[in-house]
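Participant: Pasting a structure here, questions to come.
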Amino acid sequence: MKKRFGIDIDGTVTCPSSMIPYLNKAFNLNITLDDIKQYDLTPLVDISEKEFAKWFKENEPVIYRGSPLAEGAKGILTKWRQVHELYFISARGSHLQQITEEWFLENALEFDHIELIGTHDKIQAAKKFEVDIFLEDKHDNAVMIHEACKIPVILFDTPYNQDPVPNGVIRVSSWQEAYKWVDNWLK
């Protein structure tokens, strides 16, 4: 039976460590993914939140253009796309639509729709597009989407999303593990 997948982009389809080389270079750091214990990156840098937001806004296009795919994502998304609808729902701002679509084309990833909502609150978009399942890396998003939409949410395990999860939010360590869980759910 055909399902509609809601899928986050950054840290889910892209490697969760995508931003680290840019942070290390810009702020003379030497961090790894294991050093990032929370989603908010400002405690890692020695500048104000406002300055960091300005830096990030200026560097977003370069970071997103250069983001590598998460290991295993392409093959699994390609398989799912043959049977299901893939709706990518991201907190990126709409001004990044062209860069985002070009990245998908360059990585030979097919999609039914890309929605850049400019906020981390994805509940409205998940409801609007009537997704049956969601894939995410941000802990509070995963929990809120599950609770508001009453759908399973796959949470990709990272050092920055270690808070406990309720039943219905399924923590996975890889795209292969996500594929197995979804395969069982589809049956």
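The values are calculated or read from the model by the stated rules, or taken from the named source; none is laboratory data. Keep in mind it's a predicted model, so treat the numbers as computed, not measured. Methodologically, a virtual Cβ is constructed for each residue, glycine included, from the backbone with ideal geometry; neighbour enumeration extends over all protein chains shown. Surface accessibility is based on the protein's heavy atoms, side chains included, excluding ligands, DNA and RNA. Shrake-Rupley method; radii C 1.70, N 1.55, O 1.52, S 1.80 Å.
Participant: Of Lys25/Lys74; Lys57/Lys138; Lys57/Lys128; Lys74/Lys180, which sit over 25 Å apart, Cα to Cα?
Facilitator: Lys25/Lys74; Lys57/Lys128
Participant: Which percent, nearest 5, of DSSP beta bridges in the chain are antiparallel?
Facilitator: Within the chain, antiparallel bridges account for around 5 percent of the total.
Participant: Under a Cβ-Cβ cut-off of 14 Å, what is the net charge of the residues other than Val83 that fall near it, where Lys and Arg count +1 and Asp and Glu count -1?
Facilitator: Taking every other residue near Val83 into account, the sum is +1.
Participant: In the range 29-187, carbon and sulfur make up what percent of the accessible area (probe 1.4 Å)?
Facilitator: 49
Participant: Amide H to amide H, which residues 5 or more places from Ile170 or on other chains are under 5 Å from it, using H placed in the peptide plane?
Facilitator: Val153, Ile154, Leu155
Participant: With all protein chains present and a 1.4 Å probe, how do Ile20, Ile123 order by accessible area, largest first?
Facilitator: Correct descending sequence by accessible area is Ile123, Ile20.
Participant: If exposed GluC sites (Glu not before Pro) are those in a DSSP loop with at most 13 other Cβ within 10 Å, what is the longest stretch of the chain that has none?
Facilitator: 1-70
Participant: Here's another thing I want to ask about it. Could you do me a favour and compute the accessible area per residue for the chain, 1.4 Å probe, result in Å²?
Facilitator: Heavy-atom SASA per residue in the chain reads 52 Å².
Participant: Over the chain, with a Gaussian network built from C-alpha contacts below 10 Å, which listed residue (Tyr22, Tyr87, Tyr160) shows the highest mean-square fluctuation?
Facilitator: Residue with maximal mean-square fluctuation among Tyr22, Tyr87, Tyr160: Tyr22.
Participant: Determine the sum of side-chain charges near Lys74: Lys and Arg each +1, Asp and Glu each -1, restricted to other residues whose C-beta is under 12 angstrom from that of Lys74.
Facilitator: Summing Lys and Arg as +1 and Asp and Glu as -1 gives -1.
Participant: Tell me the relative contact order for the range 125-186 as a rounded percent, counting alpha carbon contacts under 8 Å between residues six or more apart.
Facilitator: Answer for the range 125-186 is 28 percent.
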